[in-house]
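Notes to accompany the following structure.
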Amino acid sequence: MPVARACLARVTSSSGTAMSGAVYAALAALCWGAATVMSKSALGPFAPLILLVVQLTVSVLCLWIVIRWRRLPQATPAELRRVAWLGLLEPGFAYMIGLFGLAEVGAAQATLIQSSEGIMIVLVSAVLFGQRPSVRFLILSVLALAGLIVALDLSVSMSSLRQGLGAEMLIAFATLVAALYVVLSGAIAGTADAIVIVAWQQSVALAFAVFMLAGTRAFDPAGLALPMGLWPWLIAGGSGAVQYALAFTLYMKALRRIAANTAGAFLTLTPVFGLAGATLFLHETLSITQAVGAAATLFFVWRISREATTTSG
């Protein structure tokens with residue numbers, strides 16, 4: 001009996017860990033979806049590099065305030081050397097080129113391209129670590145992506161695909177870099193608190209962004225003018241707190257509970273949340289067909305989370 005109770009406790013604990021990881025990943029997708037709408041709004045008054053610096057500055061300040069307030073222990077120097085440099089990949093390089101692309105294309109096109117990150121994560125994991133997903137997992141992921149394509153109205157996106165091809169290539173490359181970040185983070189997440197890891201990674205990304213901004217300003221100072229009103233700064237700062245500080249912390253917590261492939265599947269929710277945010281805050285309409293596609297995506301991602309919970313159990 002004691003042995004049976006111990007085994008049951010381990011199964012329950014493992015199942016609960018997988019479920020909490022799924023919740024963290026879904027919440028991170030919600031943050032990224034909402035912040036995409038905010039970033040698109042902020043790219044009017046802000047140049048992409050300035051917006052990145054503002055967002056990262058707010059995020060880094062928020063993270064270090066939380067660390068000091070909660071008195072979280074710092075990571076060891078060896079662990080920092082292992083994880084901090086990943087900030088150069090994401091949010092550093094990935095978000096820098098992604099914002100340049102987002103400034104030139106519509107949010108629907110951008111989110112459609114970004115929705116392939118889950119598939120890219122699976123491919124990168126297979127190439128680097130030989131983590132081959134199950135056939136069931138692949139089928140569910142493809143079905144979720146198919147629902148997402150319907151939700152984003154692929155016909156509209158394809159009709160404008162010939163325009164701004166360079167910007168779309170930037171977003172696709174940024175998505176690939178982000179997938180590489182997710183896989184490597186899952187492999188070397190470390191033992192330090194997730195907030196501490198994210199704070200150091202984004203501090204590195206902020207230093208990179210400031211360096212790039214300084215170099216750009218030397219060549220084109222007129223193209224980096226700052227907005228005068230208060231509202232653009234609030235949008236930029238708020239998007240930084242949501243998109244970087246909160247979303248990355250939640251996702252890092254998810255990676256400690258579920259595999260990178262499983263966590264990546266939840267990224268298909270990001271454009272759905274972004275589409276909902278555009279409907280609520282930008283007054284964009286959602287057709288019945290798009291609503292059906294969004295519902296299908298939610299259903300299949302839920303099935304993926306159930307699959308992950310069952311497997312972990």
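Summary of values
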{"quantity": "Listed residues Phe281, Phe266, Phe299 arranged by accessible area, highest first, probe 1.4 Å", "calculated": "Phe281, Phe299, Phe266"}
{"quantity": "Extension gain, Thr289 back to Phe173 (0.36 nm per residue minus Cα-Cα distance, nm)", "calculated": "38.8 nm"}
{"quantity": "Net +/- balance of residues flanking Leu176 in space, Cβ distance below 12 Å, scoring K and R +1, D and E -1", "calculated": "-2"}
{"quantity": "Trypsin sites (Lys or Arg not before Pro) lying in DSSP loop within segment 63-151, provided at most 14 other Cβ fall within 10 Å", "calculated": "Arg71"}
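The values are calculated or read from the model by the stated rules, or taken from the named source; none is laboratory data. Fair warning: this is a prediction, and the values are worked out from it, not measured in the lab. Every residue, glycine as well, gets a Cβ built from its backbone with ideal geometry; the counts of neighbours run over all protein chains shown. Ligands, DNA and RNA are excluded from the accessible area calculation, which covers all protein heavy atoms including side chains. Shrake-Rupley method; radii C 1.70, N 1.55, O 1.52, S 1.80 Å.
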